[in-house]
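K.L.:
Just dropping this structure here.
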Amino acid sequence: MAPTSTGPALRVEQQGGLAVVSLAQPARGNPFDTAFTRAFRDAFSTLWDTPTLRAVLLRADGANFSFGGDLKTFHPDRANLGPMVRAMTADLHMGLQRAWHLPVPIVCAVQGYAMGGGVALLAGCDVVVAGASAKFGAAFAQIGFSCDSGSSATLTTRMGPARSYGEIKRLFLKAGSAQLEAQLEDEAHTLAAISGTADAQEGIAAMVERRKPVFRGA
């Protein structure tokens with residue numbers, strides 16, 4: 001299987017009609033950061049232009065599929081989180097739209113932890129094969145965030161709105177009638193707005209400092 005593109009965050013290898021897309025930062029838990037979102041967008045743009053493509057296997061190196069957003073990266077510049085989120089989601093959402101509209105099946109292999117954006121990513125695949133070690137979760141609400149990475153669309157039919165609240169529940173309820181592109185845009189603007197609040201910044205600080213957050217509704 002020959003690599004067709006490689007990078008620090010994502011690796012794409014192709015063998016005949018199969019493309020294997022691997023999250024490639026296992027030491028960091030395969031996080032969603034600027035390098036990953038840009039590489040994901042570029043990888044699936046390239047796959048659209050691969051006429052021999054018949055299927056995609058999405059997988060991850062290491063013990064865990066993905067820890068989701070890299071809070072340690074966000075923490076030092078959390079006062080500027082809104083613009084940072086808008087920039088990252090622009091790349092990620094473009095990549096997700098291209099991935100989910102591919103006219104070939106996407107199979108996702110999951111091991112270890114799949115959290116936050118990682119859950120949203122795998123939930124949008126056609127088939128998910130989970131190993132015995134797989135554990136799924138999302139901490140958007142626990143850190144004062146709203147959901148992102150298409151989770152309001154992909155998890156709506158798998159989980160429903162009953163286990164969501166606040167702005168997350170609004171997005172889930174809206175997803176049933178929304179077009180994917182409009183829903184992704186709403187997610188991006190909602191998360192960018194919420195990430196600029198004091199509660200969101202407190203949530204990130206608490207997670208990094210390994211303490212319970214103190215939310216004040218601001």
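The values are calculated or read from the model by the stated rules, or taken from the named source; none is laboratory data. Note that this is a predicted model, so its numbers are computed, not measured. Backbone-built Cβ (ideal geometry, glycine too); neighbour counts: all protein chains shown. These accessible areas exclude ligands, DNA and RNA; they are computed on the full protein's heavy atoms, side chains included. Shrake-Rupley method; radii C 1.70, N 1.55, O 1.52, S 1.80 Å.
K.L.:
Just check segment 39-112 against the gyration tensor rule for me: Cα atoms, a ≥ b ≥ c as the square roots of the eigenvalues, rounded for a/c under 1.5, and otherwise prolate or oblate depending on whether a/b exceeds b/c.
P.N.:
Since a/c reaches 1.5 but b/c is at least a/b, the shape of segment 39-112 is classed as oblate.
K.L.:
Answer rounded, prolate or oblate for segment 1-126, using the Cα gyration tensor with square roots of eigenvalues a ≥ b ≥ c: rounded when a/c is under 1.5, else prolate when a/b is larger than b/c, else oblate. Please list the in-between numbers first.
P.N.:
Numbers: a/c = 1.93, a/b = 1.56, b/c = 1.23.
Because a/c hits 1.5 or more and a/b exceeds b/c, segment 1-126 counts as prolate.
K.L.:
Where the centre of each part is set by its Cα atoms, how far does segment 78-128 sit from segment 12-44, in angstrom?
P.N.:
11 Å
K.L.:
Next question. Ignoring ligands, DNA and RNA, what accessible area per residue does segment 1-98 give at 1.4 Å, in Å²?
P.N.:
Result: 45 Å² of accessible area for each residue.
K.L.:
What is the distance, in nm, between label points placed 7 Å from the Cα along the Cα-to-Cβ direction at Ala90 and at Ala198?
P.N.:
My value for the distance between the label points is 3.0 nm.
K.L.:
For the residue pair Glu13 and Thr50, what label-to-label distance in nm results when each label sits 7 Å from Cα along the Cα-to-beta-carbon direction?
P.N.:
Taking the simple label geometry, Glu13 and Thr50 are separated by 1.2 nm.
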